[in-house]
Amino acid sequence: MSFDLFCRVVDNYGDAGVCWRLARRLAALGQSVRLWIDRPEVLARLLPALDAQADEQVLDGVRIGPWSHAEHAAPPRGGVVVEAFACALPPAYEAAMAGRDCLWINLEYLSAEPWVEGCHGLPSPQANGVPKFFFFPGFTPATGGLLREPGLLARRDAEQARDRGPRLRALAGLAAAPPADALCVLLFCYPDAPLAGLGAALADLDRPVWLLVPGGAPPAALRGQGGLRVVPVPFVPQSRFDELLWCCDLNFVRGEDSLVRATWAGAPLVWQIYRQAQDAHLDKLEAWLARARWPAPAAALIRAWNRPDDRAVAETLPAALREPAWTRWRARSRAWCAELAGQPDLGQDLLDFCLRRHQTR
């Protein structure tokens, strides 16, 4: 099938990151894929081979073009148009979809809320007569699943069987590797994260801590003290972000794409959810915590991180890292990763959904 995937970059890198992963996955499944994106320069940060000024470029089997060119493009006859995160299609393109036997998919944001299962796959009648359906990523078999490439977990296990020091030095360009007994922590967060509480708690641990901060200079609120060493790490392309997660014992991540990749890492993670008006994001966070079933100290830390509450983070982080909570958190992280890996991935599930809809028309 032919897929046209539309992406508007609203904030940060998440929109571009999810859309690029999905486009690559569909191409790897043998489909013809075009990705239309309004800010190719953002995607170029994740994909260094991309020329953000090019009118069109093919990478990993995906034809990438600027959003402005889609206004004059012909929708794929008998194909699929994916509107990522309700980005709204170019008006002329949307009008041209009528009569071309297209299938229209509204790819929604990831959520663990129970209502998602009831809405996944529902039709959305359109004035132009093109059949449109809601497609929800999720954590259960009744949703569209999570993006996962074949062999990802086997590749993770093979990498983690190697010594961490050389892997981390090669990946991050570090002059020295962390000591064998160090706790390696990745920090990828929004600016409003309670960093003072995090730094104080890590500095007071009874073991050395390497806090890896990707993307440039660490925030001013973080400084090395006690057993804490704050290590700036260069911005890594999306294709190598997994390797960075696999090097760490604990991953602080933000947004949707990084949450999914940290889940596949199978290690303890602390998620900073994107903040919404009237604290609507906290309901989504609680739904995810209910699905994840982390040990109580870990759940308390994640809630404190999202309030955000420096004092609560300073109190709950040591509790989450103490035994037996730490061993239970690590075991649950590995087990939930395996459970989710037993479900179809988002790319395959989307393709199967579209094939079924075409066959029944």
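General observations
- The alpha-carbon positions of region 133-255 define a convex hull whose volume is 150 Å³ per residue.
- Residues with amide H under 5 Å from that of L269, placed H, sequence gap 5 or more: N251
- Normalised size of the chain, defined as Cα radius of gyration per 2.2 N^0.38 Å with N residues, equals 1.03.
- Normalised convex hull volume, region 251-361, alpha-carbon set, Å³ per residue: 114 Å³
- Cα-based helix-to-principal-axis angle, 14-28 vs the chain, degrees rounded to 10: 60 degrees
- Annotation: peptides 194-204, 274-284, ranked by per-residue average of other Cβ atoms within 10 Å with the highest first, follow the order 194-204, 274-284.
- In order along region 194-202, the Karplus-derived 3J(HN,Hα) couplings, from 6.51 cos²θ - 1.76 cosθ + 1.60 at θ = phi - 60°, round to x, 6, 4, x, 4, x, 5, 5, 5 Hz, and Gly and Pro are given as x.
- Phi angles across region 349-356 convert, under the Karplus curve 6.51 cos²θ - 1.76 cosθ + 1.60 with θ = phi - 60°, into 3J(HN,Hα) values of 5, 5, 4, 4, 4, 5, 5, 5 Hz, Gly and Pro given as x.
- For G226, distant residues with modelled amide H under 5 Å away: none
- Across region 1-132, the relative contact order, built from alpha-carbon pairs under 8 Å that are at least six residues apart, equals 23 percent.
- For Y109, the solvent-accessible surface computed with a 1.4 Å probe is close to 100 Å², ligands and nucleic acids excluded.
- Sorting the segments 56-69, 289-302 by their mean number of nearby beta carbons within 10 angstrom, highest to lowest, gives 289-302, 56-69.
- Amide hydrogen neighbours beyond the local backbone of L183, cut-off 5 Å, H modeled: V209, W210
- Across region 305-313, coupling constants 3J(HN,Hα) worked out from phi with the 6.51/-1.76/1.60 Karplus curve, θ = phi - 60°, read 5, 9, 6, x, 9, 4, 5, 5, 5 Hz, and Gly and Pro carry x.
- Note on H358: accessible area approximately 40 square angstrom, rounded to 10, probe 1.4 Å, nucleic acids and ligands left out.
The values are calculated or read from the model by the stated rules, or taken from the named source; none is laboratory data. What you see is a predicted model, and the numbers here were worked out from it, not measured in a lab. Counting neighbours? That spans all protein chains shown, and the Cβs are built from the backbone with ideal geometry, glycine included. Please note that ligands, DNA and RNA were not included when accessible areas were found on the heavy atoms of the full protein model with its side chains. Shrake-Rupley method; radii C 1.70, N 1.55, O 1.52, S 1.80 Å.
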